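The values are calculated or read from the model by the stated rules, or taken from the named source; none is laboratory data. Only a predicted model underlies this, so the values are computations on that prediction, with no experimental measurement involved. Quick reminder, even Gly has a Cβ in these numbers, built from the backbone with ideal geometry, and neighbours come from all protein chains shown.
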Amino acid sequence: MDGNTPDRDLLISFYNNVYDGVRNYKHMQWQVVVLTLGLFAGIIGLSQSNTLSMSQRPPLQWAFSAFVAAAAIASSWFIHETARQLRKQRQHRRRIEEMCGFFDEGVYTKGAILDPSDKGKPVSYWQDRNYLVSWWIVIWTCAAYAVLVIWA
């Protein structure tokens, strides 16, 4: 092996780490959404509690609404950041796939393992835009519903 050829075992180990990173970031997105929706449900339950007196109700409605808004903002930001980290991990994975020759014909099989037209293309930030936007829609729709129930 010459000095410019990366060690195969090192590449495989790095590829596995990157693959685990992609899986972990996708799992984090699910966790954030589920946790946020659970918080919204808890706030809705507290706001509808019969133990609150009428004099306590308006200040608590404002506090609950502020908490819902803060949770929606924080979770939206976190989901955006995990999407950014996912893109980084995918860029690393693409680079390893190029180094291993997965886009080249005849290296491992008769044809290329991966689509040769993807070779050299950067991984787009918006590759997962449908997921990212759908998470935001779910969070903000549920936040709006929570605030509506709080003030009902």
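Condition test on ALA83, is it at pLDDT 85 or above, touching a helix residue (DSSP H, G or I) at 6+ places or on another chain (Cβ under 8 Å), within 24 Å of VAL138 (Cβ to Cβ) and part of a helix (DSSP H, G or I)? Yes: the conditions hold for ALA83.
If you go through region 98-118 and pick out every residue that is hydroxyl-bearing (Ser, Thr, Tyr) and outside any loop (DSSP other than H, G, I, E, B), you end up with 1.
What do you reckon, is PHE40 surrounded by 14 or more Cβ atoms within 10 Å (Cβ to Cβ), among the aromatic types (Phe, Trp, Tyr), part of a helix (DSSP H, G or I) and modelled with pLDDT of 90 or more? The answer is yes for PHE40. Pairing each residue of region 5-33 that is in a helix (DSSP H, G or I) with any residue that is among the charged types (D, E, K, R) and surrounded by 11 or more Cβ atoms within 10 Å (Cβ to Cβ), provided the two are 6+ apart or on different chains, yields C-beta distances under 6 Å for VAL18/ARG93.
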